[in-house]
Amino acid sequence: MSTPTAPRTLGVGRVLIAVYAILALAATARSLVQIIEHFDVAPVAYSLSALSGVVYILATIALVRRGPVWTRIAWATITFELVGVLVVGVLSIVDPELFPSDSVWSYFGRGYVFIPLVLPILGMVWLSRRASAARSTPEAVQS
């Protein structure tokens, strides 16, 4: 028997995963172009953008997959992402010369409409709710 929470959780999860996938594609593609064409201009910013792209790819895969290992990977990548956007966001304000060109995480993801700042928080909320649903009704996670 399915609970009322199951469809809503699944729908929100699909949207979250779709946004992660889009951000993974955008960050990775942008960083590759920047690295190939202008790496000498802002190597730190472009390297951070590439790193964020890899993190978003791994987070997307981990959110799609099920099981305790993938859940731990999702938590690790999303936590890393949140710490990254907070640290880089603060550094880009305190010392803008570190980032002569924006990275995905500079100024808390300003170039991406602050999605890099909000997304990991939403991801953590969703993972927590998914874990709660799994403890109370295992079929809610299976659907």
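The values are calculated or read from the model by the stated rules, or taken from the named source; none is laboratory data. Please read all numbers here as calculations on a predicted model, not as lab measurements. Positions of Cβ are backbone-derived with ideal geometry, glycine not excepted, and every protein chain shown enters the neighbour counts. Ligands, DNA and RNA are stripped out before the accessible areas are found, and what is left, the full protein with its side chains, is counted by its heavy atoms. Shrake-Rupley method; radii C 1.70, N 1.55, O 1.52, S 1.80 Å.
Can you pull out every residue in the stretch 104-120 that is in a loop (DSSP other than H, G, I, E, B) and open to solvent by less than 80 Å² (accessible area, probe 1.4 Å)? Residues satisfying the conditions are Val104, Trp105.
The residues on offer are Ile17, Ile36, and the sole one that is without any contact (Cβ under 8 Å) to a residue 12 or more places away in the chain and either in a helix (DSSP H, G or I) or under 18 Å from Arg65 (Cβ atoms) (or both) is Ile36.
Can you confirm whether Ser101 is buried (at least 16 other Cβ atoms within 10 Å of the Cβ), of a type in the set (S, T, N, Q) and under 21 Å from Gly53 (Cβ atoms)? Talk me through it step by step, then tell me what you get.
Values: buried (at least 16 other Cβ atoms within 10 Å of the Cβ): no; of a type in the set (S, T, N, Q): yes; under 21 Å from Gly53 (Cβ atoms): yes.
When the stated conditions are applied, Ser101 does not pass them.
Among residues of the stretch 66-85 that are under 11 Å from Val55 (Cβ atoms), those with a Cβ under 6 angstrom from a residue that is open to solvent by 70 Å² or more (accessible area, probe 1.4 Å), sequence gap 6+ or separate chain, pair up as Thr77/Leu58.
Tell me whether the stretch 125-132 contains one or more residues that are open to solvent by 30 Å² or more (accessible area, probe 1.4 Å), small (Gly, Ala, Ser) and either within 14 Å of the chain's Cα centre (by Cα) or at pLDDT below 90 (or both).
We begin by selecting, within the stretch 125-132, every residue open to solvent by 30 Å² or more (accessible area, probe 1.4 Å); these are 125, 128-129, 131-132.
Imposing the further condition that a residue be small (Gly, Ala, Ser) reduces the set to 128, 131-132.
Filter again for either within 14 Å of the chain's Cα centre (by Cα) or at pLDDT below 90 (or both), leaving 131-132.
Within the stretch 125-132, one or more residues are open to solvent by 30 Å² or more (accessible area, probe 1.4 Å), small (Gly, Ala, Ser) and either within 14 Å of the chain's Cα centre (by Cα) or at pLDDT below 90 (or both).
One residue stands out among those in the stretch 25-53 that are open to solvent by less than 20 Å² (accessible area, probe 1.4 Å) and within 20 Å of the chain's Cα centre (by Cα): the one that is farthest from Leu86 (Cα to Cα), which is Ser31. When Gly89 is tested against (1) over 18 Å from Val19 (Cα atoms); (2) out of contact with any Gly (no Cβ under 9 Å at 6 or more places or on another chain), just one condition goes unmet, and that condition is (2).
So, of the residues in the stretch 63-98 that are part of a helix (DSSP H, G or I) and of a type in the set (D, E, K, R), which turns out to be surrounded by the most Cβ atoms within 10 Å (Cβ to Cβ)? Break it down stepwise before answering.
Applying the first criterion (part of a helix (DSSP H, G or I)) to the stretch 63-98 yields 63-64, 68-94, 96-98.
Those still in the list that are of a type in the set (D, E, K, R) too: 72, 81, 97.
Working: Arg72: 11, Glu81: 26, Glu97: 6.
Looking at the filtered set, the residue picked out is Glu81.
The residue that is least open to solvent (accessible area, probe 1.4 Å), among those in the stretch 1-24 that are over 21 Å from Leu119 (Cβ atoms) and either hydrophobic (A, V, I, L, M, F, W, C) or modelled with pLDDT of 90 or more (or both), is Ala6.
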